[in-house]
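Following: one structure in structure tokens, then a few remarks.
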Amino acid sequence: MTLQFSLGTAAPETVDTACILVGVYEQGMLTSAAARVDSAAEGVIKRQVESGDITGKAGSTTLLFAPHGVTAKRVLVIGLGSQKTFDEARYQKVSIEAARALGKLPVADAVSYLTEVDVPGRDSAWRVRIAALTTDHAAYRYTATFKPRDKSKQVTLTNVSFAGNADAQTGLDQACALAAGIEFTRELANLPPNICNPAYIAEQAQTFADGQGDKVDCRVLDHVEMERLGFGSLLAVARGSVNKPKLVVLEYKNGNEGDKPYAFVGKGVTFDTGGISLKPGPGMEEMKFDMGGAAAVLGAFIAAVKMELKVNLVCVVPAVENMPDGDAYRPSDVITSLSGLTIEVLNTDAEGRLILCDALTYTAQTFHPHTIIDAATLTGACVVALGKHATGLMSKHDDLAAELIAAGEKTLDRAWRLPLWDDYQVQLDSGFADIANIGGKSAGAITAGCFLSRFTEGQRWAHLDIAGTAWDEGRKGLATGRPVALLTQWLMDRIA
Ligand code: BES
Ligand code: MN
Ligand code: ZN
């Protein structure tokens, strides 16, 4: 992470920095920081409110350069919208806009007073955490494979201080650990598939584990080992690619000895062409993000380790590439999964569930986990259902579903539940195997979840379909780092 965060209690009118951030509500309602700046600078904000230059509209930004009477070089005024309806979603929105505007300024340091704004139901640790995370998010630039031509888009910001006292320190520490996990996830997911292949993911996990001494164990199963163990479903998907599959297993034992671990499993398809059921050309490049679930569970694992959470945690990542080839698996193949269930492949593009089912079986058999949560860019149908705002959540365990929804609300990394009723299971009936790998036209996100549910019987398990939330679509769309915050918060809540 390039950005350094701290807490400060200096007064806005006298703090010595390149830029301060203060909030203004609609109808000229100044926050206390804005009011102090305004009176020190002889009404510079109020005058602009009267002239209509500062409206207070949510997310709007106005830069005042070197106002007289104020020590800071710049004052960035952020519109907060109406004070009456101000809530946590608005706080996040204005934090993002403030961070974006700040990132465009040629400043190396800044002090934000937005963290003093009252958010109903949330304390200052929460406000500092969200402010730090949004600032970090906005400052992220992908540069691994090119030098950005536009110098003005480069971030010079290095130090940001948030108004807040010692109470907020834990919020800030948590944000820094989380930001590191999110950054790992975004960077890994943004890499092109000719770099980020299964072996590369395994190396990254190994490198992280090595850096932690004996706190973290990393094991990587190769295709020979998986063949020996019977990963027939995962290996079928991998067969079309020269990039051999890997199963990455990370373990963090920082809870009570003997306590069953929590387990995260993430879909790691480093590129999804669809295989023999080839995808159409336009937009296929976005399928480099099909390892977003793997990147996210690894990022959440990293955040948990950095926070030194007192938990036993395992993270399992099936990493494969889905390619068409003379040796690729085909529609109508019947394959035998690690669980012993046979699967009729009706579409080689429904590959995520085929690697996850073996990874889930392995996780359950090896670790006897307390709870398993998988994250996967699993279905286009989930994007149709929920769009980019909510992750699709499926679980037969109401308490677990409620925990995950609550964690998502708290971090504004939200999930929305879809049913996993048995009524849908018949869509997976096959005349040639125990189960088919697709469930027909309707309820595609749910039938994918139903497929996974066949391999998690007896487990306390939830599935997160992040097809709509893992990256921002379009030519310049970047990985979002979701649902690292949700997963990490869920873990934090387990030990609270
Ligand atoms: N990786 C895709 C799902 C996906 C599609 C994610 C678009 C994000 C955007 C997955 O492997 C897939 O291809 N799913 C198929 C399933 C179908 C064949 C039943 C899909 O959604 O079309
Ligand atoms: Mn696919
Ligand atoms: Zn896929």
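Key figures for this structure:
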read-out: Wholly within the range 155-238, helices (runs of 4 or more DSSP H) carrying at least 2 residues that are surrounded by 24 or more Cβ atoms within 10 Å (Cβ to Cβ); value: 169-190, 198-211, 232-238
read-out: Among the residues listed as Glu251, Glu308, the single one being more than 14 Å from ligand 3 (Cβ to nearest atom) and free of Cβ contacts under 8 Å to residues at least 60 places away in the same chain; value: Glu308
read-out: Residue in the range 268-279 that is modelled with pLDDT of 95 or more, touching a helix residue (DSSP H, G or I) at 6+ places or on another chain (Cβ under 6 Å) and open to solvent by 50 Å² or more (accessible area, probe 1.4 Å) present; value: no
read-out: Residue check for Thr348: in contact (Cβ under 8 Å) with a residue 24 or more places away in the chain, hydroxyl-bearing (Ser, Thr, Tyr) and outside any loop (DSSP other than H, G, I, E, B); value: no
read-out: Some residue of the range 463-471 being of a type in the set (Gly, Ala, Ser), open to solvent by less than 30 Å² (accessible area, probe 1.4 Å) and not in a loop (DSSP other than H, G, I, E, B); value: no
read-out: Selected residue [without any contact (Cβ under 8 Å) to a residue 24 or more places away in the chain and more than 16 Å from ligand 2 (Cβ to nearest atom)] from Asp398, Asp413; value: Asp398
read-out: Yes/no for Thr363 being assigned by TED's automatic domain parsing to the domain that holds Arg219, among the hydroxyl-bearing types (Ser, Thr, Tyr) and in a loop (DSSP other than H, G, I, E, B); value: no
read-out: Residues located in the range 285-296, provided they are near ligand 1 (Cβ under 10 Å from one of its atoms) and open to solvent by 30 Å² or more (accessible area, probe 1.4 Å); value: Glu286, Met287
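For every residue, the table says whether it meets (1) within 15 Å of ligand 1 (Cβ to nearest atom); (2) on the phi > 0 side of the Ramachandran plot; (3) not aliphatic (A, V, I, L, M).
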position: Leu346; (1), (2), (3): yes, no, no
position: Tyr362; (1), (2), (3): no, no, yes
position: Leu404; (1), (2), (3): no, no, no
position: Thr411; (1), (2), (3): no, no, yes
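The values are calculated or read from the model by the stated rules, or taken from the named source; none is laboratory data. On a predicted model such as this, the values are computed, not experimentally measured, just so you know. FYI the Cβ positions are ideal-geometry reconstructions off the backbone, even for glycines, and counts take in every protein chain you see. SASA here: full protein model, heavy atoms, side chains in, ligands and nucleic acids out. Shrake-Rupley method; radii C 1.70, N 1.55, O 1.52, S 1.80 Å.
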